[in-house]
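The values are calculated or read from the model by the stated rules, or taken from the named source; none is laboratory data. From a predicted model like this one, the values you see are computed outputs, not experimental measurements. Quick reminder, even Gly has a Cβ in these numbers, built from the backbone with ideal geometry, and neighbours come from all protein chains shown. Heavy atoms of the whole protein, side chains included, go into the accessibility calculation; ligands, DNA and RNA do not. Shrake-Rupley method; radii C 1.70, N 1.55, O 1.52, S 1.80 Å.
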Amino acid sequence: MQFQQLQYFVAVAETRHFTRAAELVHVAQPSLSQQIKALERELGADLFQRARGNITLTDAGEALLPLARRILADAETARYEVRELVQLRGGRVRLGATPSLCTGLLPDVLRAFHDRYPGVRLLIEEGGSHDLVRELARGALDLALVVLPLPTPSPALTTVEVLREDLVVVSSPEASAPGDGRRTVRIADLERERLVMFRHGYDLRELTVAACRAEGFEPDFAVEGGEMDAVLGFVRAGLGVAVVPRMVAARSGRGLRVTALARPGLHRTIALAHRSDVAPPRAARELQRMLLER
């Protein structure tokens, strides 16, 4: 049974006339008649009673008509939904990102994407790079913004660098300024500070702790275990200082003192990752383009 045969059958059933049906579906009448006969042979039953210009449905034709209409309607719905997706009027993007990027980089880009493609659903998952790489590998995400180098190198992922971001020290304006109030703070100065530290598995935690150890000391934690919003809140309350991305500090600057790190400072490299063996969906590729061109 061919889709085209069902179209011809419904056209004849609705017009009760082979010539008018052929005109309706833009095909020659002999071709339409041949396809109807082929359909009847396949089904093993006549679909029409043909009597001197009077075309009526047989019992088999009556049974087939609602089913054929449903099949044709479902096919039209499928065409519409695929067209909507191709033209980015529908679909979804599953994007993973570290919490600091959700606070700093993503809001402006996602707003621009949503303004341009309001019909595309954005599903955001926050997590550390290790967790996001695992979610990408199992197909739960289309794209992920991760910190390089990856915690576990994966040949199954393709990464493209998005930005290289400076880290800064944030503190409460009501507390003593870190580094004795100088314009920049050295990593070594943090030995005299109590740090508000992120939870285990957080990329910023690993980076900060490694930098302190490279200067020969273990950081002193006033509070640890928080996510980005919690860490910034604890700093505002004067519990200690924290090392955060400059972009986050700029967005969350109210109630915070921001001090740059002295050269060479600390930086992190952000990359956009996706599976190498599966092309991201059209909507995800468009979001990827906007992130790279932001």
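Looking only at the range 83-97, decide whether some residue is within 13 Å of LEU145 (Cα to Cα) and loosely packed, with under 15 Cβ neighbours inside 10 Å.
Within the range 83-97, not a single residue is within 13 Å of LEU145 (Cα to Cα) and loosely packed, with under 15 Cβ neighbours inside 10 Å.
Tell me the residue from LEU150, LEU136 that is under 22 Å from the mean Cα position of the chain (by Cα) and part of a helix (DSSP H, G or I), please.
Of the residues listed, the single one that is under 22 Å from the mean Cα position of the chain (by Cα) and part of a helix (DSSP H, G or I) is LEU136.
Residue by residue through the range 16-39, note down the ones that are crowded, with 16+ Cβ neighbours inside 10 Å and part of a helix (DSSP H, G or I).
PHE18, ALA21, ALA22, LEU24, LEU32, SER33, GLN35, ILE36, LEU39
Determine whether GLU42 is under 21 Å from ALA73 (Cα atoms) and open to solvent by 100 Å² or more (accessible area, probe 1.4 Å).
Details: under 21 Å from ALA73 (Cα atoms): no; open to solvent by 100 Å² or more (accessible area, probe 1.4 Å): yes.
For GLU42, the condition - under 21 Å from ALA73 (Cα atoms) and open to solvent by 100 Å² or more (accessible area, probe 1.4 Å) - is not met.
Could you look through the range 107-133, keep only residues that are closer than 26 Å to GLU206 by Cβ and assigned to a helix (DSSP H, G or I), and pick out the one that is most open to solvent (accessible area, probe 1.4 Å)? It would help to see each step written out before you state the result.
Of all residues in the range 107-133, those closer than 26 Å to GLU206 by Cβ come to 107, 109, 124-133.
Still in the list and also assigned to a helix (DSSP H, G or I): 107, 109, 129-133.
Numbers: PRO107: 48, VAL109: 14, SER129: 0, HIS130: 99, ASP131: 58, LEU132: 0, VAL133: 20 Å².
The extreme case among them is HIS130.
Do you know which of the residues in the range 153-187 that are within 23 Å of LEU261 (Cβ to Cβ) and of a type in the set (Ser, Thr, Tyr) is nearest to the chain's Cα centre (by Cα)?
Only one residue fits best here, namely SER171.
Looking only at the range 214-247, count every residue that is within 23 Å of CYS102 (Cα to Cα), open to solvent by 20 Å² or more (accessible area, probe 1.4 Å) and not aromatic (Phe, Trp, Tyr) and tell me the total.
Selection size over the range 214-247: 11.
Would you mention how many residues in the range 248-266 are open to solvent by 60 Å² or more (accessible area, probe 1.4 Å), under 12 Å from LEU167 (Cβ atoms) and either in contact (Cβ under 8 Å) with a residue 60 or more places away in the chain or in contact with a Pro (Cβ under 9 Å, 6 or more places away or on another chain) (or both)?
Here the count works out to 1.
Is it the case that ARG257 is within 25 Å of ALA175 (Cβ to Cβ) and basic (Lys, Arg)?
For ARG257, the condition - within 25 Å of ALA175 (Cβ to Cβ) and basic (Lys, Arg) - is met.
Scan (1) more than 15 Å from LEU101 (Cβ to Cβ); (2) touching a residue at least 12 places away in the same chain (Cβ under 8 Å); (3) in contact with a helix residue (DSSP H, G or I) (Cβ under 8 Å, 6 or more places away or on another chain) for the single condition ASP189 breaks and write down its number.
(2)
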